[in-house]
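Worksheet: the structure to be examined is printed underneath.
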Amino acid sequence: MVGYIWAFLIGVGIIYSLITGNINIINESILTNANEALDLILNLLPIIVLWTGILKIAEVSGLLDKFAKLLSPLLYKLFPDVPKDNKALGYISSNIAANMLGLGSAATPAGLKAMNELQKINPKKDTASSPMVTFLILNTAGVTLIPTTILALRVAYKSASPSEIILPAIIATACSSIAGLTLDYFIRKKQKRWK
Amino acid sequence: MEIISKIILPILVVIIVFYGVKKKINVYDAFLEGAKEGLVTTFNIFPAVIAMIFAINIFLDSNVLGFVVNLLNPLIGNISLPLEIIPMAVLRPISGTASLAIMNDIFMNFGPDSFVGRLASILQGCTDTTIYVIALYFGTVKITKIKHALWGGLFADLVGIITAIILTNLFF
């Protein structure tokens, strides 16, 4: 998927500039591109390293787990079809907690374990169960409290107030999560009625 | 409102560090261990960043976007938004690196405190790589019939994008 898009961007860009006679711009672009990528990485590096360091403290001290536990009452409501003592709920809450703090590398393993547990209680193995769909909608809405990479780039480009976007981003995330979950709720209700 | 944005980070740091001290773990060693992991992660994404910057820059520099917008102009009228935000919104659900590369381009050309710079920041922060996550998560448990997961997730992203535009106008 990403491969096709990558090839598409390059192909369309180069062919269009050949047609319009702007190929010298592309030539220059190809030559300077990689330096720009290095600048981007160097801009991101300090804050990512700092933040993963801070978050490691939260992980080792058990604060992340504690935070995840706070989410469980909400999860019982969102996943009525999953038994309360099922391991899946624990993994789902770790996944969401890690995502919220911008700890993507810890979020993915927990998310995949949650999918495995949900698959165990799924009656139709090739079809997504209701809890799976709810979990993915919740996950892909992307609730993030600290968007590290964005803050890093805003600092690098000398923003007067790099963190001013945090609150609006949280509000926007909340709106999209609520919209996704509401849609999911009504679809589930409708499907149950058909049965 | 701005003050809330500014206190979230310091408060989180203080909670995390003091909880660690209270639990009697070696907070300094934990920090160094995590920081080292962060270093490795960042270097691991470097090839992907090079690849995406390369493709995105060729695409943006060719100005094919201007051509497409001119074609669509009679349909959607004049949009006052800088064009880069459109491919960013389209690519965001597929590749986080691609949308990051476009955000970088927007910051470079318009600055992070411009309208489009702020919009790009909020957009990048409020949505996730929906299509990628769905492919990965369902792929690992070999599920092929995904019901409304994809369009439910994309619907949520769309609401996020619209909210981001409204909030950028409202907040700044």
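Every read-out reported here was derived from the displayed coordinates using simple, explicitly stated rules and does not represent laboratory data. What you see is a predicted model, and the numbers here were worked out from it, not measured in a lab. Methodologically, a virtual Cβ is constructed for each residue, glycine included, from the backbone with ideal geometry; neighbour enumeration extends over all protein chains shown.
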Handout entry: Residues that are in contact with an Asp or Glu (Cβ under 8 Å, 6 or more places away or on another chain), part of a helix (DSSP H, G or I) and either of a type in the set (Lys, Arg) or over 18 Å from B:Gly111 (Cβ atoms) (or both), drawn from the stretch A:132-182
Key = A:Val133, A:Thr134, A:Ile137, A:Asn139, A:Thr140, A:Leu167, A:Ser176
Problem - Hits in the stretch A:51-81 (condition: closer than 13 Å to B:Lys23 by Cα, of a type in the set (Gly, Ala, Ser) and out of contact with any Phe, Trp or Tyr (no Cβ under 6 Å at 6 or more places or on another chain)) - result: A:Ala58, A:Gly62
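A quick yes/no check of all residues on (1) farther than 27 Å from B:Ala30 by Cα; (2) out of contact with any helix residue (DSSP H, G or I) (no Cβ under 6 Å at 6 or more places or on another chain); (3) β-branched (Val, Ile, Thr):
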{"site": "A:Leu31", "(1), (2), (3)": "yes, yes, no"}
{"site": "A:Asp39", "(1), (2), (3)": "yes, yes, no"}
{"site": "A:Leu50", "(1), (2), (3)": "no, yes, no"}
{"site": "A:Ala58", "(1), (2), (3)": "no, no, no"}
{"site": "A:Asp65", "(1), (2), (3)": "no, yes, no"}
{"site": "A:Lys69", "(1), (2), (3)": "no, yes, no"}
{"site": "A:Phe79", "(1), (2), (3)": "yes, no, no"}
{"site": "A:Pro83", "(1), (2), (3)": "yes, yes, no"}
Exercise for the section: Determine if the stretch A:124-133 includes at least one residue that is touching a residue at least 60 places away in the same chain (Cβ under 8 Å), facing chain B (nearest Cβ under 7 Å), under 18 Å from the mean Cα position of the chain (by Cα) and closer than 20 Å to A:Ile92 by Cα. Expected result: no
Handout entry: Residue selected from the stretch A:153-169 under the condition surrounded by 23 or more Cβ atoms within 10 Å (Cβ to Cβ) and touching a residue at least 24 places away in the same chain (Cβ under 8 Å), by the criterion farthest from B:Leu154 (Cα to Cα)
Key = A:Leu153
Problem - The one condition in (1) within 30 Å of B:Ala30 (Cα to Cα); (2) within 7 Å of chain B (Cβ to nearest Cβ) that A:Ile25 fails to fulfil - result: (1)
Exercise for the section: Could you tell me whether any residue of the stretch B:133-154 is more than 7 Å from chain A (Cβ to nearest Cβ), within 13 Å of the chain's Cα centre (by Cα) and of a type outside the set (Asp, Glu)? Expected result: no
Practice task
For the stretch B:123-140, state whether one or more residues are part of a helix (DSSP H, G or I) and touching a Cys at 6+ places or on another chain (Cβ under 7 Å).
Solution key: no
Practice task
Specify which of the listed residues (A:Leu42, A:Leu55, A:Leu50, A:Leu18) is surrounded by 19 or more Cβ atoms within 10 Å (Cβ to Cβ) and assigned to a helix (DSSP H, G or I).
Solution key: A:Leu55
